[in-house]
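Below: one structure, written as structure tokens.
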Amino acid sequence: MDDVTFERDVLARLAAAMAYPPTPTLRGRVLAAIATPGAPAIRQARPAARRWVLAAVVAALATGIALAVAVPSSRSAIADYFGISGSKIEILPTAAPGVTSTPFPTPAGIERYATPAALDAAQAAAGFPPALPAGEGEPQATYLVDYGPPPAVVLHYERFDLWESRAYGFYVKGVPAELIIRDFTINGRPATLIRGGAHIVRYVDASGNEVAASVRTVERTTLIWNGAQNFYRLETDLPEAAAIDLATSLP
Amino acid sequence: MFVEAEAIEASARGDREAFGSLVERYQQAAFRAAYVIVRDAATAEDVAQDAFVRAYRQMHRFRAGEPFRPWLLRIVTNLALNEVRGRQRRRGLFERATASAEIEEAAPDAGAVAHDDAATLLRAMGELAEDDRIVLHLRYYADLPEREIAAAIGKPAGTVKSRLHRASRRLREVVEAKYPQLMERNDG
């Protein structure tokens with residue numbers, strides 16, 4: 001079979017025979033995403049905060065391990081939530097035309113920032129029983145992340161990591177403006193979804209001190225929300241709808 | 001009546017309803033272009049949505065008079081490839097962390113790929129280099145003519161032509177070596 005025949009009789013014919021799933025109706029979702037108050041086009045960090053975030057990212061890269069710039073030193077920063085206790089989101093400034101954006105730290109595997117633990121040992125260390133998502137069974141692995149007492153528990157499954165915490169500090173997320181940020185509720189409590197690319201995260205403890213070892217790049221879709229008692233973070237490959245279903249199953 | 005140029009111009013001014021008409025017109029192309037790369041309907045839906053949102057935010061960069069579809073599909077293709085690369089990289093990170101056995105890649109929707117041969121061909125294409133896959137996807141699945149592929153990937157039309165030829169030949173070699181039944185069924 002020559003090239004022309006292959007292109008016509010195999011490639012073109014079989015590509016045309018491809019059976020696709022039904023095309024979803026995207027208009028409503030897209031318009032909601034570009035109109036929601038949580039969308040980056042509207043959600044803007046204060047200029048001072050934007051400069052601080054950029055300085056933080058640059059400093060983290062310069063030291064290779066941590067941020068060395070000033071952080072909000074009082075609990076007043078904690079009051080600056082976007083509705084979720086345990087989390088704060090800052091929109092990173094867009095690089096000027098012709099200027100290359102500062103790269104994020106190289107993504108690291110979970111073993112770089114978490115310690116493996118048996119589920120019951122993790123429960124004992126964290127001081128609460130981790131909630132397991134419905135229908136997922138036991139996690140493939142369990143980890144503890146100790147950025148400040150009490151540690152957070154991370155339940156590792158094939159397609160997601162579920163963080164559960166009752167710590168008093170909070171996570172700051174530096175999110176590039178082009179990513180999608182959606183605010184909504186899960187079980188009546190505030191939730192935020194970050195999707196569409198990498199963002200940077202770091203932990204600030206209850207005293208307002210940044211935990212240097214906490215700085216890392218998150219590439220996956222991230223869903224954060226408050227449960228009845230726990231602060232949850234889901235980092236996942238799952239599609240948005242499946243991630244929300246999973247989150248809804250938790251107390 | 002839908003007039004693309006007017007919808008684009010209005011969208012660039014922030015008219016969301018006008019952008020909505022572009023979404024309706026091109027959602028199938030965006031979804032399918034994403035699907036042939038990520039091979040999962042729900043993920044393709046997210047990718048297509050993200051591509052439209054990103055396109056809306058970058059409308060000020062869109063050059064008036066250019067066709068919208070290849071520009072959009074370029075965004076779709078980049079996002080879909082990022083999704084696949086991220087998935088592969090994260091799988092690698094976890095494997096190194098746990099030294100576990102191989103983790104199976106998520107299977108494509110069983111009911112979605114109705115034609116076995118078409119699915120087999122897509123699997124064969126998955127063994128090609130990324131550059132080759134992109135041009136074949138855009139030409140044969142998104143059904144873009146060569147000039148629109150050139151616009152989509154930002155390369156001259158001559159480069160697209162030669163890349164298509166090269167990619168097709170490499171695909172044929174993969175099919176002959178690993179999936180000869182596709183050739184045999186078309187010989188008779």
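Points to keep in mind about this one:
For (1) in contact with a Lys or Arg (Cβ under 7 Å, 6 or more places away or on another chain); (2) of a type outside the set (Asp, Glu), each residue gets a yes or a no:
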site	(1), (2)
A:ASP120	no, no
A:GLY137	no, yes
A:ASP146	no, no
A:PRO151	no, yes
A:GLY174	no, yes
A:HIS199	yes, yes
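- Test set (1) without any contact (Cβ under 8 Å) to a residue 60 or more places away in the chain; (2) in contact with a Ser or Thr (Cβ under 7 Å, 6 or more places away or on another chain) - A:ASP205 fails condition number: (2)
- The set of residues in the range B:144-188 being of a type in the set (S, T, N, Q) and at pLDDT below 90 consists of B:GLN181, B:ASN186.
- Hits in the range A:196-224 (condition: among the hydrophobic types (A, V, I, L, M, F, W, C) and over 22 Å from A:LEU92 (Cβ atoms)): A:ALA206
- When residues of the range A:134-163 are limited to those that are assigned to a strand (DSSP E or B) and among the small types (Gly, Ala, Ser), the one surrounded by the most Cβ atoms within 10 Å (Cβ to Cβ): A:ALA152
- Residue in the range A:149-163 that is within 14 Å of chain B (Cβ to nearest Cβ), in contact with an Asp or Glu (Cβ under 9 Å, 6 or more places away or on another chain) and basic (Lys, Arg) present: yes
- Checked against (1) surrounded by fewer than 22 Cβ atoms within 10 Å (Cβ to Cβ); (2) in contact with a helix residue (DSSP H, G or I) (Cβ under 8 Å, 6 or more places away or on another chain); (3) not basic (Lys, Arg), B:GLU45 passes all but condition (1).
- Selection over the range B:18-36 of residues that are more than 8 Å from chain A (Cβ to nearest Cβ) and surrounded by fewer than 24 Cβ atoms within 10 Å (Cβ to Cβ) gives a count of 5.
- Single unsatisfied condition, B:ARG133 versus (1) modelled with pLDDT under 85; (2) within 13 Å of chain A (Cβ to nearest Cβ): (1)
- Residue list for the range A:164-180, filter: surrounded by 19 or more Cβ atoms within 10 Å (Cβ to Cβ) and closer than 27 Å to A:ALA134 by Cα: A:GLU164, A:SER165, A:ALA167, A:PHE170, A:TYR171, A:ILE180
- Scanning the range B:37-71 for residues that are touching a Leu at 6+ places or on another chain (Cβ under 8 Å), of a type outside the set (D, E, K, R), more than 7 Å from chain A (Cβ to nearest Cβ) and under 21 Å from B:ARG87 (Cα atoms) yields B:ILE37, B:VAL47, B:ALA51.
- Residue count for the range B:147-171, restricted to those that are surrounded by fewer than 19 Cβ atoms within 10 Å (Cβ to Cβ) and in contact with a Leu (Cβ under 7 Å, 6 or more places away or on another chain): 1
- Filter result for A:ALA241 (touching a residue at least 12 places away in the same chain (Cβ under 8 Å) and farther than 19 Å from A:GLY148 by Cα): no
- Hits in the range B:147-167 - residues which are within 13 Å of another protein chain (Cβ to nearest Cβ) and closer than 18 Å to B:ALA33 by Cα: B:LEU164, B:ALA167
- Any hit, the range A:101-108, residues being out of contact with any Pro (no Cβ under 6 Å at 6 or more places or on another chain), modelled with pLDDT under 90 and under 20 Å from A:LEU238 (Cα atoms): yes
- Applying the criterion of at least 3 residues that are closer than 21 Å to B:ALA55 by Cα to the helices (runs of 4 or more DSSP H) found wholly in the range B:116-161 leaves B:146-153.
The values are calculated or read from the model by the stated rules, or taken from the named source; none is laboratory data. No experiment lies behind these values; they were computed from the predicted model shown. Positions of Cβ are generated from backbone atoms using ideal geometry, with glycine treated the same way; all protein chains shown enter the neighbour counts.
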